[in-house]
Amino acid sequence: MVYADHNGTSPLLPEIRDFLTKRLQTKLFANPNSIHSLGHQVQKRIELCREKMAEILGAHPAQIIFNSGSSEGISHVIHHCLLAAGKKKIVFVSAIEHAAVLNTLIFHQKNSGFDVRTIPVLKNGVVDLNWLETQLAKLSDQTALVTVIAANNETGVMQPYFEIQKICSELKVSFFSDTTQILGKEDFNFADSNLDFAILSGHKIGALPGIGALLVKDPTTLHPLIWGGGQEQNLRGGTQNYLGIETLCLALESFQAKKTKTRELKKAKLEFESGLKKKFPQVFIFGSEVDRLAGTSLIGYAGLHGQGLQIELESQDIFVTTSSACSDNEPSTSKVLKAMGTDDQLGRSVVRISLSIHQELSDYKKILNALTEAYRKVSKIEFNHAL
Ligand SMILES: Cc1ncc(COP(=O)(O)O)c(C=O)c1O
């Protein structure tokens with residue numbers, strides 16, 4: 001089997017499975033906020049994880065707030081920024097955000113009258129920085145928030161989030177970048193990024209699902225989203241998911257130990273893509289001319305049906321998706337690809353192949369063979385049908 005949907009979820013790392021097997025045999029199950037010694041021991045483990053993660057991410061331990069994952073981190077940051085916005089009502093959001101950002105903003109638009117404006121993207125999948133700069137030059141004093149994803153989950157295309165942070169800092173405008181696809185997958189240092197916020201999701205990097213973290217430059221000013229019994233410096237209520245936190249820390253440590261493999265993964269991906277293009281010159285690789293996540297390829301073959309290809313690949317034990325996992329049931333071109341000016345013939349044909357540094361690079365060879373077979377089969381069916 002080849003699992004090639006790491007942007008959707010990255011399966012539990014084998015070393016974390018082994019860790020959990022042993023961890024579940026211990027008696028260390030207690031409320032970390034309880035005053036007895038078991039509670040203290042669990043709390044100590046959480047704080048140790050926080051310290052180790054802060055070291056890897058270039059943050060101070062107090063800047064890390066554990067939560068349930070990126071959707072919560074996104075809701076939290078947007079809630080905080082819009083609450084702090086005063087009379088400012090404009091929100092600039094890129095056309096290629098994850099549904100978690102778009103739906104949170106739609107809620108605030110409907111319920112609090114925010115004026116949500118879309119930042120266009122270029123054909124190559126990168127946000128139009130000139131457009132944003134021009135708008136901010138005119139409207140910065142009315143702008144509550146700018147939000148641009150750090151790397152898009154469908155195309156893998158990296159966005160100029162450092163530059164946008166710099167522009168927004170100069171204009172004193174709040175900026176949020178959804179870093180879900182970057183943290184624990186690509187080199188990242190919170191202090192160097194100068195971002196006010198960053199988010200991390202456990203299931204994207206081989207930890208348990210349902211655990212994540214929000215990084216905040218200045219936690220003393222953050223409004224909570226969930227009120228509880230004072231956990232996480234009063235910033236995120238609810239008994240901490242301490243088992244999840246332990247796995248999150250291990251997954252980050254594992255990435256840190258192996259991160260030089262990112263370069264090898266990227267090289268193997270580019271070889272795979274050029275091998276595919278040699279066999280099928282009509283194949284289109286989205287964002288191929290710009291910087292992308294090391295293990296992500298979004299591939300189109302105009303006229304074919306992406307879901308047909310996905311089913312054919314699955315019959316060969318290769319697991320890919322057609323677009324972002326959340327929009328799998330929509331047989332239409334994704335919003336992200338539409339924003340890049342993609343027509344339906346191409347947009348409906350895409351398959352997303354996303355690999356991680358934790359798997360064998362030879363998997364690309366298996367995918368190339370399987371995709372070759374799938375293209376031959378599906379094009380025979382679809383193009384004959386069209387005739
Ligand atoms: C870019 C991006 N943002 C947010 C999310 C939501 O993450 P989570 O599943 O941790 O809530 C995802 C995952 O689907 C994602 O890829």
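The values are calculated or read from the model by the stated rules, or taken from the named source; none is laboratory data. Nothing here was measured: the structure is a model prediction, and the numbers come from that model. Don't worry about glycine lacking a Cβ; one is built from the backbone with ideal geometry, like all the others, and counts go over all protein chains shown. Just the protein is used for accessible areas: all its heavy atoms, side chains included, with ligands, DNA and RNA removed. Shrake-Rupley method; radii C 1.70, N 1.55, O 1.52, S 1.80 Å.
Would you tally the net charge around GLN316, using a Cβ to Cβ cut-off of less than 9 Å, leaving GLN316 out, and scoring K and R as +1, D and E as -1?
With Lys, Arg at +1 and Asp, Glu at -1, the neighbours total -3.
Within the set of other residues whose C-beta is less than 11 Å from the C-beta of GLY156, count the net charge using Lys and Arg as +1 and Asp and Glu as -1.
In short, +2.
Per-residue ellipticity at 222 nm for the chain, helices alone: DSSP H runs ≥ 4 residues times -39500 (n - 2.57), over residue total, nearest 500 deg cm²/dmol?
That comes out to -13500 deg cm²/dmol.
To test your reading of the geometry: what angle, between 0 and 90 degrees and rounded to tens, separates the Cα axis of helix 363-386 from the longest principal axis of the chain?
The answer is roughly 50 degrees.
Angle between the Cα long axis of helix 261-279 and the longest principal axis of the chain, 0 to 90 degrees, nearest 10?
Compared with the principal axis, the helix lies near 20 degrees.
What whole number of Å gives the distance from the Cα centroid of the stretch 146-184 to the Cα centroid of the stretch 231-269?
So the two Cα centres are separated by 20 Å.
In angstroms, what radius of gyration and Dmax does the stretch 239-284 have, counting Cα atoms only?
Calculated on Cα positions, Rg and Dmax stand at 18.0, 54 Å.
Quick one: which of LYS52/LYS87; LYS277/LYS377; LYS89/LYS259; LYS172/LYS204 span more than 29 angstrom between C-alpha atoms?
LYS52/LYS87; LYS89/LYS259; LYS172/LYS204
Can you give the accessible area of ASP218 in Å² (nearest 10), computed on protein heavy atoms with a 1.4 Å probe?
Around 70 Å² of this residue is reachable by solvent.
Arrange the residues TYR375, TYR3 by how much accessible surface each exposes, largest first, with a 1.4 angstrom probe.
TYR3, TYR375
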